[in-house]
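Heads up, the thing below is written out as structure tokens.
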Amino acid sequence: MTQSADPAPETASPYPRFPMRRTCPFSEPPEYAGLRADEPVSRAELKVNGKPTWLVTRHEHVRQVLGDPRVSSNLKRPGYPHQFHISEEMLAHVRLMLLSMDPPDHTAQRRMLIPEFTARRVKEMRPRIQEIVDERIDAMLASDGPVDLVTALALPVPSLTICELLGVPYEDHPQFEAWSAAMMNHDLSPEEYGASVQALDAYLDKLVTLKETEPGDDLISRFLDKNRTEQVADHVDVVTMARMMLVGGHETTANMIALGVLALLEHPDRLAELRSDPALLPNAVEELLRVFSISDSGTARVAVEDIEVGGVTIRAGEGILALNNAADHDEAVFPDPGTLDLRRREARSHLAFGYGIHQCMGANLARAELEIVYGTLLRRVPGLRLAVAPEELRFKDDAMVYGVHELPVTW
């Protein structure tokens, strides 16, 4: 027998508010375990606008939702669970980016981009990523410490890497990093959020316009060249695509670099284990991705038909948050999920990169960056340690992508 959604309440909501906060950076919000056990498909109220949405918390159900063609990623559809303050007027003028597209538009654009992120292409990029990491660590060590690992290493490595891939001048990074950080903040007003998007789009509009007549050896130029034949995107689509890749290409990996280093420093036995057996590094990266699952609610969807998930009927037009952090702590898939286990056999079953047709295209690149950063730090800075007490660290509880604001370290 299935359940059905109640209509949205007219008075105070009886539902818990989302997002829920992590009380420990290495774990999930404490409410998730109870939801998985007792109500794995449940209702919640979005903090940003008070609207109800469905929360899906078990691994099998999250995979089901993300692989179901009866759910949409289109953020302009009624019922989509927006997690930012966005006005109806702004929404009407939004140009969908790849992550918010459904087939066939999504299929056509993604097909043109996939060759840029294959395992073979990323393997070719690894020597340059290693150079970037070594240069940043050289500069870090020359300062004698302490330094903020976020600004010294975690942010510059993926930012410079994605800039070179896209053909974006890295000297402009203070501007676009500030716009990107603002766009990740749940608590911005519609005006502030819109201003950040418009500023970044204006910057990228000029860049794409230049590459239309003066192409370079970069992803945007290659996409424009293919598009002359394929015609799957117009100029504004390319600007929107560039925004998605620039923001997504540095924001997520930068946060994972800092959090992964913190996790290893706070688990010295795991750090020693990794130092003694560097072959563990690829699996260690997967386990760190699982533990943090930093883009927990980035897998927002809206049902376009009635669907049944875990015995619950989700009606057409109702929003869904398929929570990958909850899924990645599901005891049915990951025994003792709160333990950081660098040898965990199931680690690669995590959903930190999503699942289905919208699974992160940049997963191979992110894995390479994380492996190179962690491995080089272990080798070159053996005395690395926190320069402040752990309780002094500030975490990004107000952001779409979880992370730490600063990570002061010394050696």
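Structure summary
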read-out	value
Contour excess over end-to-end distance, with Cα ends at LEU210 and ARG110 and 0.36 nm allotted per residue	33.7 nm
Those lysines that a straight Cα-Cα span of less than 24 Å connects to LYS211, excepting residues fewer than 8 apart in one chain	LYS226
Kirkwood Rh and Cα Rg combined as Rg/Rh, region 324-389	1.05
Accessible area per residue in Å² at 1.4 Å probe, computed on region 27-92	43 Å²
Rounded FRET efficiency, nearest 0.05, which uses the C-beta distance separating ASP234 from LYS51 and R0 of 35 Å	0.65
Fraction of accessible area attributable to carbon and sulfur, the chain (%, probe 1.4 Å)	52 percent
Where a label projected 7 Å from the Cα of ASP217 along Cα→Cβ would reach, residues of region 128-143 with amide N under 17 Å	128-132
Förster radius 35 Å - calculated FRET efficiency between ALA363 and ALA272, Cβ distance, rounded to 0.05	0.80
Cα shape, region 240-317, gyration tensor, a/c 1.5 rule	oblate
Pairwise label distance in nanometres, CYS24 with SER349, each label 7 Å out on the Cα-Cβ vector	2.2 nm
Relative contact order (percent, whole number), the chain, Cα cutoff 8 Å, 6+ residue spacing	27 percent
Counting DSSP beta bridges with both ends in the chain, the antiparallel % (nearest 5)	75 percent
Under 30 Å from LYS51, Cα to Cα: lysines that are on another chain or at least 8 residues apart	LYS76, LYS396
Region 245-349, relative contact order [Cα under 8 Å, separation at least 6], %	28 percent
Per-selection Kirkwood Rh - region 170-264 (Cα, Å, 1 d.p.)	14.8 Å
Rg/Rg_globular for the chain, with Rg_globular taken as 2.2 N^0.38 Å and Rg from C-alpha atoms	0.97
Solvent-accessible surface ranking, highest first, for GLU391, GLU273 at 1.4 angstrom	GLU391, GLU273
Relative contact order of region 1-136, defined on C-alpha pairs under 8 angstrom at six or more residues apart (%)	15 percent
Relative packing of 110-116, 243-249, which averages over residues the other C-beta atoms within 10 Å, highest first	243-249, 110-116
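The values are calculated or read from the model by the stated rules, or taken from the named source; none is laboratory data. Model, not experiment: these values are computed from the prediction. Glycine gets a Cβ as well: all are built from the backbone with ideal geometry, and neighbour counts include every protein chain shown. Surface areas here come from the heavy atoms of the whole protein model, side chains and all, with no ligands, DNA or RNA. Shrake-Rupley method; radii C 1.70, N 1.55, O 1.52, S 1.80 Å.
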